[in-house]
Amino acid sequence: MARRKEEDAISLDKAQRHQAVLALQEWFHTEREEEIGGLQADMLVDMILKKIAPMIYNAAIADMQRFMQEKIEESFILLKE
């Protein structure tokens with residue numbers, strides 16, 4: 001996989017980032033019975049966006065490509081001889 005430039009990195013707007021921070025804080029509280037601060041959660045969001053989100057994005061693109069390829073192949077059935 002080619003390295004992504006910083007400006008190509010997956011990003012969230014302010015509201016989405018805030019929701020991600022809250023979701024991580026809730027997860028730590030519920031699943032691990034730990035409290036993490038906003039700064040810690042924000043840093044974790046950064047790491048997820050840089051290290052994990054691109055893998056998920058690429059997997060979604062690969063799924064879409066397979067789906068589109070299937071549809072293209074199905075369209076050949078419509079061709080008249």
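The values are calculated or read from the model by the stated rules, or taken from the named source; none is laboratory data. Worth saying up front: this structure is predicted, and the values here are computed from it rather than measured. FYI the Cβ positions are ideal-geometry reconstructions off the backbone, even for glycines, and counts take in every protein chain you see. Protein only, heavy atoms only, side chains kept; ligands, DNA and RNA dropped before computing areas. Shrake-Rupley method; radii C 1.70, N 1.55, O 1.52, S 1.80 Å.
Values computed for the structure shown
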| item | result |
| --- | --- |
| Residue in the range 29-45 that is modelled with pLDDT under 95 and of a type in the set (A, V, I, L, M, F, W, C) present | no |
| Residue check, residue 73 open to solvent by 80 Å² or more (accessible area, probe 1.4 Å), over 14 Å from the mean Cα position of the chain (by Cα) and free of Cβ contacts under 8 Å to residues at least 60 places away in the same chain | yes |
| Selected residue (criterion: modelled with the lowest pLDDT) from residues of the range 1-23 that are part of a loop (DSSP other than H, G, I, E, B) and small (Gly, Ala, Ser) | 2 |
| Sole residue being modelled with pLDDT of 95 or more and acidic (Asp, Glu), chosen from 26, 74 | 26 |
| Residues (of a type in the set (Val, Ile, Thr), open to solvent by less than 60 Å² (accessible area, probe 1.4 Å) and within 17 Å of the chain's Cα centre (by Cα)) located in the range 7-55 | 10, 21, 45, 48 |
| Failed condition for residue 58, given (1) touching a residue at least 24 places away in the same chain (Cβ under 8 Å); (2) over 16 Å from the mean Cα position of the chain (by Cα) | (2) |
